[in-house]
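**Student:** What follows is a structure written as C-alpha cells; I'll ask about it next.
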Amino acid sequence: MYCALCQQHKVDLGEVEHNFCSGTDDFRLELVAEHESSEAHAWATCMEAASSSVPDPTTTEEILKNMSKTTLGRIENLFRTCHAIAKTGRPLTDLDWMCKLDDMKGVDIGSVFRNDKAARIFIHFIAEVERRALKEKLEQCKFFSLISDGVKDHTSMEAALVYVRFADQGKVQCQIVGVQSVDPYEASAVKNAILKILQTNLQLHLPSQDWARKLVGFGSDGAEVMVGQNNGVAKLLKEIQPCVQSVHCLVHRLEMAYEETLKSIHLCTVLVGLLQNMYYFYQNSPLNNSNLKRIYEALKLRPAVPSRVGGSHWLLRLQTALQILLKGYAAIMLHMTEVQEEPCSSNHQKAKDLLNLLLRKDIVTFSHFLLDVINVLNILSRVAQDQYASIADIFATIQSTQETLQMYRARSGPRERLVETTTHFHGHQLIGDGNIKQVRTELLSSLLNHLRDCFCDASEEVLRASTIGSFKLWPDQIVQEFGEIEVSVLTKYYEPILECAGVKVDEVETEWTMLKAELYNRYPNVRRITWDSVNLDYSHKYPNILALVDLVLTLPASSSEAARGFGQMKLTMMQHSPKLIFESMTDLMIIQMNTPDIPDFDPQKAIQLWNISWQRNRKTEGNQWMATRERSECSSDSDWESLFGSD
C-alpha cells in the first residue's frame, strides 16, 4: 500500500518503518491517519495544489495556511535565522551550529535545509521580496535619481554600486539596488553596469521612454570616470535624459580640497607630521601611555592620549587630534619634559624633537586656526552625509561655509583669538613670532576655490531654486515674493519631465502662492513642518506644486550613501568568502541595508515567493535554470527530493 499523492511527487521526509511513498504492507488504520497528518503528506498536498493552478501570492498564501503548523513553523524559523545571519553580517555557515543550538533549546526546525547552501537560497528570496517592493515604489513615484560610486582595485575587483533616491508624497527614500562588476573600468563600462543592475534587479530598462522621463538627478564621487567632461558617466546619462542634474559628492570634494591644500602648505605638513609622530610615540610605548595618563590625573584633567590622523575619516580624525593636543597641551608638555630629562631613555631624542615643535608659536597659532577651519568644514561634512539632507540644505550650508571662511581671511576665528597676542600657552614660553597671515590666506583661498566648484556640472540656477524644498530655509514670516522666481525656474527647466508625470505646469505657480499662504496662516513656525505632513493635508488641493516639491526632494545631495554601501560591502567580503559572487553580495547588502531590523522582520512574503518559485519550476518543463541552481545549492539531492521530489 502506498500514498498515490506522495509517490507521484516523490516526497519522503524520513518515514522509515512505514513508508507510504515507496509502499508498505502494514494496513493499520492509525498509521494511515498518522501519515495523513505528517509533514511529508502536507508537502505533497502543497505540490499537488500548486501544480494544478497558476501560481500567485493568493494561491500560495492559501496553500501555506493549509500546511501543517509544524512544517510552516520550521520554515519560518529557518527564514528568520537566515535573515538574522545576513542582517548581522555573519558567515552563512553559522546556520548549521545555530540549528544545532535550536535543537538543544527544544525549538523544532526539522532535519533539512540546515547548511550554508540552503541559507543562500533563503537569503536570495528574502532579498527578492525587497527588490520587488522597491520596483513597486519606483513605479508609483513620479521621479527618481541615481546615486552611484565605483571602486577600482586591481588586487581584488572593479565594481559599481547603485542606489536610487526618490520622494513620494514628501517622504524621501534612498535604497540600494545592487552591485555589479565592471571590466574594463571606464565610463561606458560603468554606465552599462549601472543599466545592467537596474535591468537585472528591478526589470527597469533605463533608456526606455517611461523610465527615462522619471530620471532627474545623478550623484557620484568626483572621479574622472564619473564626471569627466568628455566622456564621463554623468554625460552619458544626460544623453538618455538631458534634464539630469549631476551632483558630485561633497564629502569627496572636501577630501580632495583638503589634500590639495595640505600638499602645497609647508606648515600644514609639519603640523600633521607632529600629530602623527605624537600618536606613534604613545601608541608604540605602553610606558609612555601610562605615564601620560598619570600626569593627566595629577593635573585633574580628563585623560586623552594623542590620536591617529589621516585615513578615510580624515576630517573627524584631524579635528579630534587637534582638540586633544590643545586641551592636553600642559600634560603632554610635562610628560615630554620628563622623558627628555632622562638621557638613558630610548625616547630621549624623540621627546626632544617633539618638544621643539610644540614650543613653536607658529605651530600653536596655526593649530588653533586650523581647528577653527575644520570646525566649519565638519558642519558642512555632517550635513552632506545626512541621508535625509536635501540638496537645498547642502547648497545653503556651502554658502554659509564660504562666508565664514571668507571672514577668517580678514580676521581671526574664535580659537585663534585665544592665542593671537599671547607669548605663553599653558605656562610655557613660546618661540618665534607666530605670524601665519600668509599661510592663512593661502589655505583659505585654496579651500574657497574648491568649494566654488562643488556643483560645477549642475545648474546653479536650479540649485538655488531648490531652497523651496527645505522648510529650514523659509523666512520666519510670510514674504509675498518668496519662492516665486524659484518655482518659475524649476517649472521651466523640468517642464518636459513634469508634463510626462501628469503635472499641470500652468497651475504650479498659482498653487505655490495659495499653499504658502495657508501654511503660514496655519502654523506659527513653518520651519518645523515636514513635507509628508503637508501632503497628508493638502495633496488633494495642491497636487501640482507638491509634485514639484517631490522632484526637488528627489535630487541627490551627494554620493555618501554609495560610499557607505562600499564600506559595508568591504566589511561583508571580509566576513564571507572573498570569492563571493556579486549576485550573492547584492542579496546580502539588500538585506543589511533595506530590510527591517531582526525583531520586525516578517518572513511570510519571502516564504510565499520561495514556494511560488519552486512550484513554477516543477510545472514549467524545459525551464530548468532555477531548479538546477537551487538543487546545486541544497545540502544534497536527498534533501531536495525529500521536500520537493525529483523531476
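The values are calculated or read from the model by the stated rules, or taken from the named source; none is laboratory data. In this text the structure is predicted, and so the values were computed from the model without any measurement. With ideal geometry, Cβ positions are generated from the backbone for all residues, glycine too; neighbour counts draw on all protein chains shown. Areas reflect the complete protein model, heavy atoms only, side chains present, ligands, DNA and RNA absent. Shrake-Rupley method; radii C 1.70, N 1.55, O 1.52, S 1.80 Å.
**Student:** What single numbered condition from (1) over 18 Å from PHE79 (Cα atoms); (2) in contact with a helix residue (DSSP H, G or I) (Cβ under 9 Å, 6 or more places away or on another chain); (3) at pLDDT 60 or above fails to hold for PRO603?
**Tutor:** Tallying (1) over 18 Å from PHE79 (Cα atoms); (2) in contact with a helix residue (DSSP H, G or I) (Cβ under 9 Å, 6 or more places away or on another chain); (3) at pLDDT 60 or above, PRO603 fails exactly one: (1).
**Student:** Out of the residues in segment 334-350 that are at pLDDT 90 or above and open to solvent by less than 20 Å² (accessible area, probe 1.4 Å), which is nearest to LEU444 (Cα to Cα)?
**Tutor:** The qualifying residue nearest to LEU444 (Cα to Cα) is MET336.
**Student:** Tally up the residues in segment 429-443 that are modelled with pLDDT under 90 and either assigned to a helix (DSSP H, G or I) or open to solvent by 50 Å² or more (accessible area, probe 1.4 Å) (or both), please.
**Tutor:** 10
**Student:** Report, ordered by the first and then the second residue, all pairs with beta carbons closer than 8 Å, sequence separation of six or more or different chains, a first member in segment 256-267 that is on the phi < 0 side of the Ramachandran plot, and a second member that is among the β-branched types (Val, Ile, Thr).
**Tutor:** Once the first residue is on the phi < 0 side of the Ramachandran plot and sits in segment 256-267, its partners that are among the β-branched types (Val, Ile, Thr) give LEU262/THR269; LEU262/VAL272; LYS263/THR269; ILE265/VAL439; LEU267/ILE363; LEU267/ILE436; LEU267/VAL439.
**Student:** Taking segment 311-333 on its own, how many of its residues are part of a loop (DSSP other than H, G, I, E, B) and either in contact with a helix residue (DSSP H, G or I) (Cβ under 7 Å, 6 or more places away or on another chain) or surrounded by 15 or more Cβ atoms within 10 Å (Cβ to Cβ) (or both)?
**Tutor:** 2
Here is a yes/no grid of residues against (1) in a helix (DSSP H, G or I); (2) touching a Phe, Trp or Tyr at 6+ places or on another chain (Cβ under 9 Å):
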residue	(1), (2)
PRO306	no, yes
LYS350	yes, yes
PHE395	yes, yes
THR404	yes, no
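**Student:** Follow-up. Say we look at segment 268-301 and pick out the residues that are without any contact (Cβ under 8 Å) to a residue 60 or more places away in the chain and hydrophobic (A, V, I, L, M, F, W, C); which of these is surrounded by the most Cβ atoms within 10 Å (Cβ to Cβ)?
**Tutor:** Only one residue fits best here, namely LEU292.
**Student:** So, one more: What are the pairs, 6+ residues apart or on separate chains, where a residue within segment 129-149 that is at positive phi has its Cβ under 9 Å from a residue that is of a type in the set (D, E, K, R)?
**Tutor:** From residues that are at positive phi, there are no pairs.
**Student:** Go through segment 410-439 and give me each residue that's under 16 Å from ILE265 (Cα atoms) and touching a helix residue (DSSP H, G or I) at 6+ places or on another chain (Cβ under 6 Å).
**Tutor:** GLY434, ILE436, VAL439
**Student:** Also: Looking at segment 479-491, which of its residues are among the charged types (D, E, K, R) and either under 14 Å from SER466 (Cβ atoms) or modelled with pLDDT of 95 or more (or both)? Before the answer, list the steps.
**Tutor:** Our first condition is that a residue be among the charged types (D, E, K, R); within segment 479-491, this holds for 481, 484, 486.
Answer for segment 479-491, where residues must be among the charged types (D, E, K, R) and either under 14 Å from SER466 (Cβ atoms) or modelled with pLDDT of 95 or more (or both): just GLU486.
**Student:** Here's another thing I want to ask about it. Please state which one of ARG409, ARG452 is open to solvent by 80 Å² or more (accessible area, probe 1.4 Å), in contact (Cβ under 8 Å) with a residue 40 or more places away in the chain and closer than 30 Å to HIS248 by Cα.
**Tutor:** Step by step, each of ARG409, ARG452 is checked, and only ARG452 is open to solvent by 80 Å² or more (accessible area, probe 1.4 Å), in contact (Cβ under 8 Å) with a residue 40 or more places away in the chain and closer than 30 Å to HIS248 by Cα.
**Student:** Cβ-Cβ under 8 Å, sequence separation 6+ or interchain: first residue in segment 477-494 and assigned to a helix (DSSP H, G or I), partner open to solvent by less than 50 Å² (accessible area, probe 1.4 Å) and not aliphatic (A, V, I, L, M). Which pairs?
**Tutor:** Pairs found: GLU484/TRP512; GLU486/SER466; GLU486/THR467; VAL487/TRP512; LEU490/SER466; TYR493/CYS243; TYR493/SER459.
**Student:** Restricting attention to segment 176-206, which residues are within 25 Å of GLU130 (Cβ to Cβ), open to solvent by 10 Å² or more (accessible area, probe 1.4 Å) and of a type outside the set (D, E, K, R)?
**Tutor:** Across segment 176-206, the qualifying residues are GLN180, SER181, ASN192, LEU195, GLN199, THR200, ASN201, GLN203, HIS205.
**Student:** Quick one: ASN375 ticks every box in (1) in a helix (DSSP H, G or I); (2) without any contact (Cβ under 8 Å) to a residue 12 or more places away in the chain; (3) surrounded by 14 or more Cβ atoms within 10 Å (Cβ to Cβ) except a single one, so which number is it?
**Tutor:** (2)
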